[in-house]
Amino acid sequence: MRAWQIAAGTTSLDGLSLVDLPTPEAGPGQVAIRVHACSLNYRDQAIVKGVYMGGPVATPTIPLSDGAGEVIAVGAGVTRFKVGDRVAGTFFQGWVDGPPNPTPGVALGMAGAPGMLAEIVVLPEEGVVRIARTLSYAEAATLPCAGVTAWNALFEGPRPMKPGERVLLLGTGGVSMTALLLAKAAGCEVIITSSDNAKLERAKALGADHGLNYKQHEDWGLHIARAFGGVDKVVEVGGAGTAEQSMMALRHNGEVSMIGVLSPVGGPNPRGLMMTGGIMRGIFVGSRRMAEKLADAFDANTLKPVIGATFGMAQGREAFDYVASPALFGKAVITLD
């Protein structure tokens, strides 16, 4: 079978290649999936470049946590799936339900774990979820990491969003675009930031109520607090470099959902939380149950993920380049058909 593979020890996209590998077979408790589509996340760039947790991969590794396809075989003892089911892998293979815990299982697409950018992938049945009925494979492939992250940020934890509340989204990448769709479906008001006015207009066409060019407002958090009366929730995808502004944007009793990998340099002062009674909650994707609730929400509201660009199997390098470029909007998808 064909698969993309990261060479051991690589620190650049030069270590990424399309290879032929033996086709895996489902063993006891496992399902074999013919992958039809995958999507990329910022994390995938970091893994290929050797700057993700643990540094460069120590062994050849198939990349990507996000992929959707069809079950083509099941191993002995499998009860949750049958041949023909439309499924996706879950980001954490062992986090089925409940709050974050110290043993969520391996995360797909990194050293020591399967990756989804292959024609056939074998996973334990507990690490697989049915995809939304109303979505294509390409659309469903956008959700396992970014989609579940957005769901967790908005609707899980001690302060889930309620209709009529106001949410601030940073940028126009996959997490923020999925959060936009979910927040609007939940009856919330959405403010979105970008340094690109054209992207702000695209976001407003998708339902965002307000767009803010953060380059035009150095203290954009304070500006949002003054101009809009603050927000109830911030989906904070930046990190240390943007967290202080996000805290400044909160109204009383709001929450910063901290995902935080795009702007890792800085030292936020949490004094803003003192003034509003706000909280900051760490987000690292989510559980299988969250993925199931997310699929139900997409079906119930007939939502369609935002796909900015689509690439063929042979264009894996181009897909990685797109995700790292200023052109990125929403998600990048690789189709394997």
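The values are calculated or read from the model by the stated rules, or taken from the named source; none is laboratory data. Computed from a predicted model, the values in this text were never measured in an experiment. Counting neighbours? That spans all protein chains shown, and the Cβs are built from the backbone with ideal geometry, glycine included.
Structure values in brief
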quantity: The listed residue being within 23 Å of E139 (Cα to Cα), in contact with a Gly (Cβ under 6 Å, 6 or more places away or on another chain) and of a type in the set (F, W, Y), out of F92, F81; calculated: F92
quantity: Residue match in region 90-104 (condition: of a type in the set (A, V, I, L, M) and touching a strand residue (DSSP E or B) at 6+ places or on another chain (Cβ under 7 Å)); calculated: no
quantity: Check on G55, in contact with a Pro (Cβ under 7 Å, 6 or more places away or on another chain) and outside any strand (DSSP E or B); calculated: no
quantity: Any chance A8 is in a loop (DSSP other than H, G, I, E, B), closer than 26 Å to Y322 by Cβ and at pLDDT 95 or above; calculated: yes
quantity: In region 11-42, residue surrounded by the fewest Cβ atoms within 10 Å (Cβ to Cβ) [restricted to those that are among the small types (G, A, S) and assigned to a loop (DSSP other than H, G, I, E, B)]; calculated: S12
quantity: Only one of R226, R251, R271, R281 that is under 20 Å from N152 (Cβ atoms) and among the basic types (K, R); calculated: R281
quantity: From the options A32, A8, residue that is in contact (Cβ under 8 Å) with a residue 60 or more places away in the chain and small (G, A, S); calculated: A32
quantity: Residues (outside any loop (DSSP other than H, G, I, E, B) and within 15 Å of the chain's Cα centre (by Cα)) located in region 274-292; calculated: G282, R288, M290, A291, E292
quantity: Matching strands (runs of 3 or more DSSP E) fully within region 189-267 where at least 3 residues are of a type in the set (V, I, T); calculated: 189-194, 231-236
